[in-house]
Amino acid sequence: MESVVVSNLTKNYGDEKTVAVDSVSFTVDKGELFGLIGPDGAGKTSIFRMLTTLLLPDGGTATVDGFDIVKDYRQIRNTVGYMPGKFSLYQDLSIEENLNFFATVFGTTVEENYHLIKDIYIQIEKFKTRRAGKLSGGMKQKLALCCALIHKPTVLFLDEPTTGVDPVSRKEFWEMLKRLKEQGITIIVSTPYMDEATLCDKIALIQTGKILSIDTPESVVAKYPDDLYELKAENMYKLLKSLEAYDQIRNSYAFGEYAHATLIGSDESVKKYLQESGLNNVVIRKATPTIEDCFIKLLGQ
């Protein structure tokens with residue numbers, strides 16, 4: 001059963017009608033963890049704001065739980081949870097006060113839906129009298145998620161929830177999402193972190209307002225069309241420049257401590273070229289493509 005259906009959704013900004021979301025279409029099944037993956041400025045937040053009825057689209061249609069995002073905005077606001085990218089809770093209110101306030105807004109109580117937030121809330125409960133503005137990034141994230149869940153939403157929208165959060169809190173957060181998914185909540189999360197894409201059931205890779213690919217993370221990687229190689233040398237800057245200049249390299253880019261490249265010629269001929277270019281301790285071997293490699297490949301196309 002489809003929980004969210006997006007068809008040719010479009011959003012323009014300014015007098016010049018700059019396109020932020022360019023005829024985007026995708027569907028999210030009920031109970032699915034769906035990832036919208038792309039860098040800053042890709043259009044992720046604009047899509048989220050339209051789907052949560054905070055922004056009117058300039059074209060296309062979308063439904064959330066069967067409700068139209070323009071005509072049925074009141075019903076959608078009662079059934080979805082939204083955690084924006086920027087921390088937007090009341091900084092002067094305590095953890096406890098923020099949670100009670102949002103429960104009251106939706107006509108419920110913390111006690112009534114405590115089972116939904118219990119696993120998350122117990123991690124911050126001992127600080128419940130602390131003002132939200134004084135919390136660490138990871139604790140703010142947990143409080144914002146509790147407030148987004150307290151009215152028992154059917155669909156949860158999380159806009160870049162782990163940006164600026166330490167690696168341990170990021171890991172904890174994704175573990176929390178897995179547990180929420182088990183409760184049947186549909187979760188749509190946006191992130192610029194390509195490694196988080198593998199934690200989703202299905203992903204849409206997006207850049208400059210356009211969807212590049214929609215599939216499971218495994219299928220996206222499996223469709224990578226070329227043999228990928230990782231390369232290393234003593235002088236990495238010179239290695240990257242040499243790869244750019246060689247006509248037997250299809251494309252190349254820095255990737256952590258290595259360079260990644262797809263070749264036209266053989267790996268031995270590339271290694272010989274690099275050694276003749278004055279590079280020492282050249283290592284070249286086959287690599288397994290990642291979501292990031294696939295994203296870069298799609299951008300090139």
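Structural remarks
- Which of 163, 193, 212, positive extreme of dipole for the stretch 157-214 (C-beta unit charges): 212
- Most fluctuating residue given options 234, 182, 160, as computed from a GNM of the chain linking Cα atoms under 10 Å: 234
- Site pair residue 106 and residue 245 shows an inter-label distance of 6.0 nm when each label is modelled 7 Å from Cα along Cα→Cβ.
- Taking the stretch 234-296 and dividing mean pair separation by its residue count, relative contact order in percent (alpha carbons under 8 Å, at least six apart): 30
- The stretch 168-223: trypsin sites (Lys or Arg not before Pro) in DSSP coil with no more than 16 other Cβ atoms inside 10 Å: 223
- Against the chain, whose longest principal axis comes from its Cα atoms, helix 236-245 is set at around 70 degrees.
- Nitroxide proxy distance, nm - points 7 Å out along Cα→Cβ at residue 275 and residue 127: 5.6
- Coordinate range along principal axes, alpha carbons of the chain, Å, largest first: 72, 45, 38
- Leading residue at positive end of dipole, the chain (Cβ point charges), from 287, 261, 14: 14
- Among residues other than residue 82 with Cβ under 15 Å from its Cβ, the summed charge is +3 (Lys and Arg +1, Asp and Glu -1).
- Dipole magnitude of the stretch 228-300 about its Cα centre (Cβ charges: Lys, Arg +1; Asp, Glu -1), debye to nearest 20: 60
- Of 239, 69, 148, farthest towards positive along the dipole that unit charges on Lys, Arg, Asp, Glu beta carbons give the chain: 148
- Overall, the stretch 9-109 carries a charge dipole of about 140 debye about its Cα centre when +1 sits on the Cβ of Lys and Arg and -1 on the Cβ of Asp and Glu, all other atoms neutral.
- Computed over the stretch 2-222, relative contact order equals 29 percent, with contacts defined as Cα pairs under 8 Å that lie 6+ residues apart.
- Between amide H atoms placed 1.01 Å from N, distances below 5 Å from residue 59 occur with 10, all of them 5 or more places distant or on a separate chain.
- Residue of 73, 273, 114 that the Gaussian network model of the chain assigns the largest fluctuation, springs spanning Cα pairs under 10 Å: 273
- Sorted by Cβ neighbour density within 10 Å, fewest at the top, the residues 180, 51: 180, 51
- The chain - charge dipole about Cα centre, Lys and Arg +1 at Cβ, Asp and Glu -1, debye rounded to 20: 580
- Stretchable slack from residue 219 to residue 136, in nm (0.36 nm times residue separation minus alpha-carbon distance): 26.2 nm
- With a Cα cut-off of under 23 Å and a minimum spacing of 8 residues unless on different chains, the lysine pairs in the stretch 34-152 number 25.
- 222 nm mean residue ellipticity, helices alone, for the chain (DSSP H n ≥ 4; -39,500 (n - 2.57); rounded to 500): -9500 deg cm²/dmol
- Per-peptide average of other Cβ atoms within 10 Å, ordering 286-299, 238-251 highest first: 286-299, 238-251
- Principal-axis tilt of helix 95-105 within the chain, Cα atoms, nearest 10 degrees: 70
- Candidates 100, 235, 12, ranked by Gaussian network fluctuation over the chain, Cα under 10 Å, top entry: 235
- Amide H to amide H distances under 5 Å link residue 250 with 262, 263, 264, where only residues 5 or more positions off or on other chains count and H is placed in the peptide plane.
- Fraction of antiparallel bridges per DSSP, the chain only, in percent to nearest 5: 65
- Our summary gives the stretch 1-82 a relative contact order of 33 percent, counting only alpha carbon pairs under 8 angstrom and 6 or more residues apart.
All of the numbers you see were taken from the coordinates with simple rules; none came from a lab. Treat the numbers as computed from the prediction; the structure is a model and nothing was measured. Positions of Cβ are backbone-derived with ideal geometry, glycine not excepted, and every protein chain shown enters the neighbour counts.
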